[in-house]
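Note sheet for the following structure.
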Amino acid sequence: QLLGATLPTVQPVLRLAETQGGIPEATMAHTGRRTTVSQAAGVNGTLGHSCEYDYAHALAWGTASAVVPAALALAEREGAPGRDLVTAVAAGVQVMALLGAANATGSSILVFDEIDAGIGGHTARPVR
């Protein structure tokens, strides 16, 4: 049991993944059940963010909970070796950091939209 899976803000994401059909391609961390790559990445990323245990990059905030779940889900589906997974995660985090740097306003209060950088990080992952 993961603590984040018990939070009321996470329940809708978990219910959606449980009720959606699809090809079992990747594992959801909270149950060990397999679902589609996109659902597994979404659920595991939500769990990573849920208790705010993910680290915060100065320019791109929670890169690990955006990039790692998606990279793991794709690697699981594709049977990718660990070396490729590590390379993909490093590339995804780097892209998010670069997008975060490009998005920085220089103000003392930085409102950063992680979704923008997350798209870039997710895009970088499968490229190898």
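The values are calculated or read from the model by the stated rules, or taken from the named source; none is laboratory data. Keep in mind it's a predicted model, so treat the numbers as computed, not measured. Positions of Cβ are generated from backbone atoms using ideal geometry, with glycine treated the same way; all protein chains shown enter the neighbour counts. Areas reflect the complete protein model, heavy atoms only, side chains present, ligands, DNA and RNA absent. Shrake-Rupley method; radii C 1.70, N 1.55, O 1.52, S 1.80 Å.
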Any residue that is among the small types (Gly, Ala, Ser), at pLDDT below 90 and assigned to a loop (DSSP other than H, G, I, E, B) - is there at least one of those in segment 60-77? yes
Could you count how many residues in segment 63-89 are within 10 Å of the chain's Cα centre (by Cα) and over 23 Å from GLU52 (Cα atoms)? 0
Selection status of ALA60, farther than 19 Å from ALA80 by Cα, of a type in the set (A, V, I, L, M, F, W, C) and buried (at least 17 other Cβ atoms within 10 Å of the Cβ): yes
Number of the condition not met by MET96 [criteria: (1) surrounded by fewer than 22 Cβ atoms within 10 Å (Cβ to Cβ); (2) among the aliphatic types (A, V, I, L, M); (3) in contact with a helix residue (DSSP H, G or I) (Cβ under 8 Å, 6 or more places away or on another chain); (4) part of a helix (DSSP H, G or I)]: (1)
Would you check which residues across segment 55-102 are without any contact (Cβ under 8 Å) to a residue 24 or more places away in the chain and polar (S, T, N, Q) and list them? SER65
Here the residues within segment 63-77 that are open to solvent by 40 Å² or more (accessible area, probe 1.4 Å) and more than 15 Å from THR36 (Cβ to Cβ) are VAL68
Single unsatisfied condition, GLY120 versus (1) surrounded by 13 or more Cβ atoms within 10 Å (Cβ to Cβ); (2) modelled with pLDDT of 50 or more: (2)
Note on segment 78-92: residues farther than 24 Å from PRO24 by Cα and open to solvent by 40 Å² or more (accessible area, probe 1.4 Å) are THR87, ALA90
Quick one: count up the residues across segment 1-33 that are among the acidic types (Asp, Glu) and either loosely packed, with under 13 Cβ neighbours inside 10 Å or assigned to a loop (DSSP other than H, G, I, E, B) (or both). 1
Considering segment 34-57 alone, what residues qualify as being within 14 Å of LEU74 (Cβ to Cβ) and part of a loop (DSSP other than H, G, I, E, B)? THR36
